[in-house]
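Peer 1: Got a structure for you, questions after.
Here, each number is a calculation from the coordinates, and none is a lab measurement. The structure displayed is predicted, hence computed values, not measured ones. Glycine also receives a Cβ, built like all others from the backbone with ideal geometry; neighbour counts cover every protein chain displayed.
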Amino acid sequence: MEKMSRRSFSNKVSQGVAGTVFLGSLPLNCAMGPAARSQQSLGIALVGLGSYSTNQLAPALEQTQHCHLAGIVTGTPSKARTWMQKYDIEESHVYNYETFDQIANDASVDAVYVVLPNSMHAEYAIRAAQAGKHVICEKPMGISVAECDAIIEACRKAGVKLGMGYRLHSEPYTQEIKRLVREKTFGDVRYVMGEAAYISRGNPDQWRLNKALSGGGALMNMGVYAVQSCIYGCGKNPVAVSAQEFSTRPDYFKDTDETILAQLTFPGGIVGSVMTSHNANANRLYASCDSGWFELNPANNYGPLSGRTSSGPIQFPHESQQKLQMDDFALHVLEGAPNRAPGEMGKRDMIIVEAIYRSIREGGRTIPLDIPQDYGFGG
Ligand code: NAD
């Protein structure tokens with residue numbers, strides 16, 4: 001049976017028994033977002049207070065309506081102090097990597113969001129599930145398909161929900177692309193392209209360039225966005241892949257891939273092109289259909305995104321993607337709303353990533369993929 005959120009359970013009990021509305025514990029952060037937070041609010045603990053947690057997730061959690069920052073996990077005491085002060089977090093909701101498992105006893109934390117270097121996702125996602133907490137896992141889900149399987153199994157066994165940090169599935173431009181594909185607005189897709197790349201010139205010792213911590217280079221980091229673009233840009237899972245790697249700065253990219261091109265084939269003869277790099281800037285989704293085309297450019301960053309079709313622009317107001325994503329996950333847990341980016345989606349992408357690396361190792365050979373056509377799509 002699925003584990004019910006503590007607040008959702010409390011709300012149901014108190015409303016049923018007393019006929020009064022139970023307010024639940026108040027969000028720790030007093031700075032409420034523009035809209036009032038709902039009475040049922042999922043308490044989220046962030047694990048790893050690096051750049052993404054600091055600059056994107058924590059600010060987004062000030063705007064969310066259905067979840068709030070309930071705890072932090074960090075190995076750096078000075079960071080813990082700064083966050084406690086900034087977000088009004090009590091010491092009893094602060095953990096380090098040694099005390100992490102005690103989070104099981106913290107009733108304020110309903111879900112754990114793993115925002116660590118890629119090779120640490122599996123360990124902390126599994127420990128979070130074993131502590132009885134719902135799990136959000138950053139991309140890539142792990143550094144192998146075996147790790148993705150282990151995370152999915154741990155969450156299934158613990159009866160907790162699992163979502164990926166694939167924020168784009170909650171934002172309107174990406175949802176519009178999915179609608180254009182689903183409704184065949186421009187007929188059948190024939191060709192789809194995903195590009196996700198940026199130029200890396202920073203510290204050569206950063207974990208993203210260290211295979212033991214990252215699992216790989218551009219493909220593990222940005223490539224999953226390009227693969228995703230191709231999949232939701234045609235609405236199908238690929239049946240085969242071939243790939244090539246390019247290296248122009250081997251002194252800097254000593255341990256990880258710099259640029260990868262991959263060719264995907266989909267059922268019905270649709271062809272897909274993936275480009276990812278740590279040595280070029282690109283950020284685009286394009287699809288050519290029987291009677292028109294559509295594109296997003298930029299397609300993958302934090303927004304505002306921009307899009308157009310052969311019949312005109314795509315335009316939506318900008319909102320924090322992370323806010324939309326975490327609220328969607330909270331509603332999935334609290335109300336059974338669709339899981340927009342389930343763990344199976346993360347695993348499917350890792351199957352493709354592993355096949356791309358294998359094709360490169362085997363001289364660009366075409367690797368068949370055995371992914372069911374309905375596997376890994378979110379609601
Ligand atoms: P970061 O380097 O800024 O932060 C990593 C955090 O992990 C730091 O707080 C660091 O102290 C901690 N850490 C713990 N053990 C570590 C170790 N052995 N080596 C290095 N750091 C260690 O990275 P980030 O940009 O915050 O990325 C974290 C995760 O979030 C990655 O998996 C990344 O792919 C993902 N991410 C996702 C998005 C998105 O848009 N969904 C954006 C950025 C990052």
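Peer 1: Karplus couplings for segment 107-122 from phi (6.51 cos²θ - 1.76 cosθ + 1.60, θ = phi - 60°), rounded to Hz, Gly and Pro as x?
Peer 2: Along segment 107-122, the couplings run 5, 6, 9, 9, 9, 10, 10, 8, 10, 10, x, 3, 6, 9, 4, 4 Hz.
Peer 1: Please enumerate, by chain and number, the aspartates and glutamates with C-alpha under 16 Å from the C-alpha of K254, excluding those fewer than 8 residues away in the same chain.
Peer 2: Straight-distance partners of K254: D205, E245.
Peer 1: Would you mind pulling out the separation of the Cα centroids of segment 138-164 and segment 333-379, in Å?
Peer 2: 13 Å
Peer 1: What residues have an amide H closer than 5 Å to that of A280, excluding those fewer than 5 places away on the same chain, when H is modeled at 1.01 Å from N in the peptide plane?
Peer 2: When sequence neighbours closer than 5 places are left aside, the close amide H contacts are Y198, I199, S200.
Peer 1: Still on this structure: Pull up the DSSP beta bridges for the chain and report the antiparallel fraction as a percent, rounded to 5. Write down the numbers at each step before the final one.
Peer 2: Working: 36 of 63 bridges.
Antiparallel bridges: around 55 percent, rounded to the nearest 5.
Peer 1: Same structure, new question: Could you order the peptides 125-131, 337-343, 366-372, 48-54 from most to least packed, using the average number of other C-beta atoms within 10 Å per residue? Don't jump to the answer; show the numbers that get you there.
Peer 2: On the way: 125-131: 23.7, 337-343: 21.1, 366-372: 13.7, 48-54: 18.0.
Final packing ranking: 125-131, 337-343, 48-54, 366-372.
Peer 1: Right, another one. Determine ³J(HN,Hα), in whole Hz, for all residues of segment 125-132 in sequence, where each value follows from phi through the Karplus function 6.51 cos²θ - 1.76 cosθ + 1.60 and θ = phi - 60°; x replaces Gly and Pro.
Peer 2: Once rounded to whole Hz, the list reads 5, 5, 5, 5, 4, 5, 7, x.
Peer 1: Starting from the Cα coordinates of segment 111-160, work out the convex hull volume and express it per residue in Å³. Working shown, then result.
Peer 2: Values: hull volume 2.6 nm³, N = 50.
Convex hull volume per residue, Cα atoms: 51 Å³.
Peer 1: While we're here: Can you list which of the trypsin sites (Lys or Arg not before Pro) found in segment 224-284 are DSSP loop residues with at most 16 other C-beta atoms within 10 Å? Please report the intermediate quantities before stating the final value.
Peer 2: On the way: sites: K236, K254, R284; in loops: K236, K254.
Hits after loop and neighbour filter: K254.
Peer 1: Using Cα springs under 10 Å in a Gaussian network model of the chain, which residue among I143, I270, I260 shows the largest mean-square fluctuation?
Peer 2: Highest fluctuation of the listed residues: I270.
Peer 1: GNM on the chain, C-alpha springs below 10 Å: top fluctuator among A122, A70, A146?
Peer 2: Highest fluctuation among the options: A146.
Peer 1: Follow-up question, since we're still on this one. Could you tell me the distance between the Cα centroids of segment 258-316 and segment 227-246, to the nearest Å?
Peer 2: Spelled out, the Cα-based centre of one part sits 11 Å from the other.
Peer 1: A further question follows. Amide H to amide H under 5 Å from G364: which residues, 5+ apart in sequence or cross-chain, H placed 1.01 Å off N in plane?
Peer 2: When sequence neighbours closer than 5 places are left aside, the close amide H contacts are A243.
Peer 1: Quick one: dipole size for the chain, taken about the Cα centre, charges +1 on Lys/Arg Cβ and -1 on Asp/Glu Cβ, in debye to the nearest 20. It would help to have the intermediate numbers written out before the result.
Peer 2: On the way: 35 positive and 37 negative charges, 61 e Å.
Dipole size: approximately 300 debye.
Peer 1: Here is a follow-up. Go ahead and estimate [θ] at 222 nm for the chain from helices alone: -39,500 (n - 2.57) per DSSP H run with n ≥ 4, summed, over the residue count, rounded to 500. Don't skip to the end; give the middle numbers.
Peer 2: Values: 10 runs with 112 residues, N = 379.
Counting only the DSSP helices, I get -9000 deg cm²/dmol.
Peer 1: To the nearest µm²/s, what D does Stokes-Einstein give for the chain at 20 °C and 1.002 mPa s, using the Kirkwood radius over alpha carbon pairs as Rh?
Peer 2: Numbers: Rh = 21.4 Å.
Stokes-Einstein gives a translational diffusion coefficient of 100 µm²/s.
Peer 1: Of K79/K139; K161/K347; K211/K236; K161/K211; K139/K211; K157/K347, which ones are farther than 21 Å apart at the Cα? Could you put the intermediate results ahead of the total?
Peer 2: On the way: K79/K139 23 Å; K161/K347 15 Å; K211/K236 30 Å; K161/K211 29 Å; K139/K211 15 Å; K157/K347 17 Å.
Violating the 21 Å Cα-Cα cut-off are K79/K139; K211/K236; K161/K211.
Peer 1: Based on the alpha-carbon gyration tensor of segment 134-275 and its eigenvalue square roots a ≥ b ≥ c, which shape applies: rounded if a/c is under 1.5, prolate if not and a/b is larger than b/c, or oblate?
Peer 2: On the way: a/c = 1.93, a/b = 1.18, b/c = 1.64.
Note, shape of segment 134-275 comes out oblate.
Peer 1: What residues have an amide H closer than 5 Å to that of K139, excluding those fewer than 5 places away on the same chain, when H is modeled at 1.01 Å from N in the peptide plane?
Peer 2: G165
Peer 1: To make sure I understand, if each residue's beta carbon is the centre and we count other beta carbons within 10 Å, what order do H93, H332 fall in, fewest to most?
Peer 2: On the way: H93 20, H332 23.
The fewest-first ordering by Cβ neighbours comes to H93, H332.
Peer 1: Would you kindly derive the ³J(HN,Hα) couplings of segment 161-175 from the backbone phi angles with the Karplus curve 6.51 cos²θ - 1.76 cosθ + 1.60 (θ = phi - 60°), listing them in order in whole Hz, with x for Gly and Pro?
Peer 2: 7, 10, x, 8, x, 7, 4, 5, 5, 9, 9, x, 5, 5, 5
Peer 1: Would you mind calculating the gained length between S51 and R201 on full extension (0.36 nm times residue separation, minus the Cα-Cα distance), in nm to one decimal?
Peer 2: Net length gain for the segment: 52.3 nm.
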